Every structure is written in structure tokens, then in C-alpha cells.
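Q: Would you mind keeping the following structure in view while I ask a few things?
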Amino acid sequence: MSGTITTTAKSTNPQKQVLSVNSTKYLSTLRHLNNEDVKKAAYTLLEAFAEDSLAKMLVCHIQDPHERKMCELTLYEAYLRQHIAKGIVIGQGETEQGFETVSIWSHPDSEHEGLDSYNNLMESGYGKVWNMYGEEGRKKVFYGMLPLLHDSAERIISTDSRFKNKGLFTLVYVGSSKRAQGKLQ
């Protein structure tokens, strides 16, 4: 990453120091995100996965670029709300536009608390995702990606002796802005 990190404002609390990277100011803190942060976090994930093959495959059937972007944002928003409600979502390096990094976690009780329950999914916005994606997109998201991710994680966690019957915190998704990835100057 080009540029240096310099402290531009001193604070007695080192977690709250304002830092500048290439003249972009942000707070060098980690914090649990809530529903008020969903839009900003979704834009961070949109940027982070702009070139990701799976993300592209989920919306490649949508011809209009604006509609494709809205579908992607809606899916990220639903995913974030789902995990804010029954998991853990952490933002790092908050800016006015988004976050440097967003990480989405499940905790040992997420499944028991209803992470994948119908109520949580509907409250999180997956009904809107269903409506926006059309038949082809529904197959990709609801019958392809989501079950595959869930079933793969379940198979590994329940059969591998390193993980079986242990309280696991699982990093489900992590995305970083291009600047945080060192791809922007």
C-alpha cells in the first residue's frame, strides 16, 4: 500500500486516534455494527467483491448495470442484517463512505438462536432479494450458493474432530475496500 499512516489528531484513548491514509480520514477502531450501519457496510462489500467470480455469477443474468448493482447491494444488506441479528458483524476503519473492512461472523449459539430461521431471513430482507433476482437469480442464490455454503460449513464442523462439539466462532465473510487491499494509491 502506498502512502503512510500518520496520526493527525492525538487522543488519550489510542483506539480513537484519527489517522490519515492518503488523505482519507478514518477512525482506527473495530466496532460491532448495527442495522444503522448496513448501507455503508454493504457498499464496502460491493466494492470488495466487485471482481469476485461468485459475486459476478450471481447477477450475470441481469442486463441493466444499475439493476445488477441494486441486486448485489440488496443481497449484501440482507446478509449483514441476518448476521447483525443472530451473529456478529464488525467494521474496521470507518470512513464517510463505508468501512476499510467488514467481517461477518457466526458465534457458537448463532444457529440455535435462529440465524437461518425463516423469521430471521425474512426480517433481514431475503424476501426482497427473492423478488429482485428473478427466477434464474433465485436458483443461484437460494438453491445454489446459500445451501452450498451452509451445508459445506455444517459438514466440516460436524465431522472434523478439530471442530466437532466445540463452540466455534466462524468467519463467514470478510471484505475489504480496494484501498485496504493496497489496490488504490
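Q: Please list the three semi-axes, largest first and in whole Å, of the ellipsoid equivalent to the range 24-74, using sqrt of 5 times the eigenvalues of its alpha carbon gyration tensor. Before the final figure, lay out each step's value.
A: On the way: eigenvalues 132, 29, 19 Å².
Each semi-axis is √(5λ); the values are 26, 12, 10 Å.
Q: If you don't mind, another one. Show me the chymotrypsin sites (Phe, Trp or Tyr not before Pro) within the range 147-177 that DSSP assigns to loop and that have at most 16 other Cβ atoms within 10 Å of their Cβ. It would help to have the intermediate numbers written out before the result.
A: Values: sites: Phe163, Phe169, Tyr173; in loops: Phe163, Phe169.
Of the chymotrypsin sites (Phe, Trp or Tyr not before Pro), the ones in loops of the range 147-177 whose Cβ has at most 16 other Cβ atoms within 10 Å are Phe163, Phe169.
Q: Based on the Cα gyration tensor of the range 31-176, what are the three equivalent ellipsoid semi-axes, each the root of five times an eigenvalue, rounded to whole Å and given largest first? Let's see the in-between values first.
A: Values: eigenvalues 116, 74, 40 Å².
Computed over the range 31-176, the values are 24, 19, 14 Å.
Q: Also: Go through the range 45-55 residue by residue and turn each phi into a ³J(HN,Hα) via Karplus (6.51, -1.76, 1.60, θ = phi - 60°); whole Hz please, and just put x for glycine and proline.
A: Each residue of the range 45-55 in turn: 5, 4, 5, 4, 10, 4, 10, 6, 4, 5, 4 Hz.
Q: In addition: Please list, ordered by chain and number, the residues whose modelled amide H lies under 5 Å from the amide H of Gly93; skip anything fewer than 5 residues away on the same chain.
A: Thr29, Glu100
All of the numbers you see were taken from the coordinates with simple rules; none came from a lab. None of these values were measured; they are calculated from a predicted model. In this analysis, Cβ positions are derived from the backbone assuming ideal geometry, glycine residues included, and neighbour counts consider all displayed protein chains.
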